[in-house]
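What follows is one structure encoded as structure tokens, with my remarks underneath.
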Amino acid sequence: MDSSNKSLLKVVPSLLKGAGQVMFQGSAWTGLLFLIGIFWGSYECHAPLVAWGAVVGVAASTLAGYLVGLPDADGEDGLWGFNGILVGCAFPTFLGSTWQMWVALVICAMATTWVRTGFNNVMAPWKVNSLTFPFVFLTWLFLLSARVLPGLDVVSLSVPALTEPAATSADLSFGSLVIYWLKGVSQVFLVNAWVTGVFFLVGLAVCSVWAAVWAAIGSAIALAVSIAFHCDPATYSAGLMGFSPVLTGIALGCTFYKPNLRSAIWCIMGIIVTVFIQAGMDALVLPYGIPTLTGPFCIATWLFLLPCFKMDPIEKPDHSQWHGKTQTTK
């Protein structure tokens, strides 16, 4: 086997793991199922560029790691790609398909790899890491720049406002609730399709049954809290209150703490708090007309990791090193 084929065999798993690492799974098979779900949902929703943007984003951010010579182990585990793939999903979702948008997507995706390294260095003394905040921070900046750079054509950003539109009604039958619940999982990658949520849960289960369980619980709790507190049905029916709680559930339930009764109670509290942070951040960014993205997940997870509570009798958590470690079924 020549060197080019060997290089390809290393790069492809890295790209696939980059998709899986969005939900803390260092598995190429999980990443493949995630990508299948993204393509399925994007084409179903008549937004195929979201899927292709995901491919470009994960490739650009992974390339950035090679260009600056970051540790090979991070690249092999997919840690260069998980922020970039989210950038790739976000740009075609909110911006029109101009050549300037694709150039900006590549620049932003590549920058997430470098920014992640910098943020992790800053956060290391507190034993937490940047999670998906490089994606959130840079995408916010690029979306705001679209307001004054006409080459970045705004197509689906909300109109800056001080109040939200009046609430609509939603079907609360069991079948509809299941669809809303699955969309809460699919929206992690900005895809509004319940079938994609199924692919994601299966992909998680391939690597970690606990991750799939906590993703399902996170979306279910978020949906229940949203309904109980009379959230706008148009929001929770599209899964937009569920994606950050899904990530919080995986992070606290089985990634940074070992699954047990104490960590489960802590995780459930974190999921509930994430819903309120989501609502608060929605109100905060409303005047700027930008989405919260996974910002609520980052803030909630930091708040629940910073106390460094010991949830098992053996190990004290060091959260700065745990993002992206391969999860196994326990």
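The values are calculated or read from the model by the stated rules, or taken from the named source; none is laboratory data. Note that the coordinates shown come from a computational prediction; the quantities given were computed from them, not determined experimentally. Cβ: placed from backbone, ideal geometry, glycine included. Neighbour counts: every protein chain shown.
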- prompt: Of the residues in segment 149-179, how many are modelled with pLDDT of 75 or more, in a loop (DSSP other than H, G, I, E, B) and within 16 Å of Pro233 (Cβ to Cβ)?
  reply: 5
- prompt: Ile299 fails exactly one of the following numbered conditions: (1) modelled with pLDDT of 95 or more; (2) surrounded by 15 or more Cβ atoms within 10 Å (Cβ to Cβ); (3) more than 16 Å from the chain's Cα centre (by Cα). What is the number of that condition?
  reply: (3)
task: Tell me, yes or no, whether segment 78-87 has at least one residue that is outside the structural domain of Val185 (by TED's automatic domain parsing) and in contact with a Cys (Cβ under 9 Å, 6 or more places away or on another chain).
output: yes
query: Could you list, in sequence order, the residues of segment 219-238 that are surrounded by fewer than 21 Cβ atoms within 10 Å (Cβ to Cβ) and either outside any helix (DSSP H, G or I) or under 15 Å from the mean Cα position of the chain (by Cα) (or both)?
result: Phe229, His230, Asp232, Ala238
- prompt: From the residues in segment 112-151 that are over 21 Å from Val58 (Cβ atoms) and in contact with a strand residue (DSSP E or B) (Cβ under 9 Å, 6 or more places away or on another chain), which one is surrounded by the fewest Cβ atoms within 10 Å (Cβ to Cβ)?
  reply: Arg147
statement: Residue set Ala283, Ala216; condition under 18 Å from the mean Cα position of the chain (by Cα) and among the hydrophobic types (A, V, I, L, M, F, W, C); output residue Ala216
Unique residue being in contact with a Pro (Cβ under 9 Å, 6 or more places away or on another chain) and of a type in the set (S, T, N, Q) when the list is Thr255, Thr248: Thr248
- prompt: Among the residues of segment 203-220, which ones are under 15 Å from Leu240 (Cβ atoms) and in contact (Cβ under 8 Å) with a residue 40 or more places away in the chain?
  reply: Gly218
- request: Report yes if Ala111 is closer than 20 Å to Leu67 by Cβ, at pLDDT 95 or above and either not in a loop (DSSP other than H, G, I, E, B) or not aliphatic (A, V, I, L, M) (or both), otherwise no.
  value: yes
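With respect to Val191, is the statement that it is in a loop (DSSP other than H, G, I, E, B), crowded, with 22+ Cβ neighbours inside 10 Å, at pLDDT 95 or above and not basic (Lys, Arg) true?
On the way: in a loop (DSSP other than H, G, I, E, B): yes; crowded, with 22+ Cβ neighbours inside 10 Å: yes; at pLDDT 95 or above: yes; not basic (Lys, Arg): yes.
Against the criterion (in a loop (DSSP other than H, G, I, E, B), crowded, with 22+ Cβ neighbours inside 10 Å, at pLDDT 95 or above and not basic (Lys, Arg)), Val191 qualifies.
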Verdict on Gly75 being outside the structural domain of Gly253 (by TED's automatic domain parsing), surrounded by 16 or more Cβ atoms within 10 Å (Cβ to Cβ), part of a helix (DSSP H, G or I) and at pLDDT below 95: yes
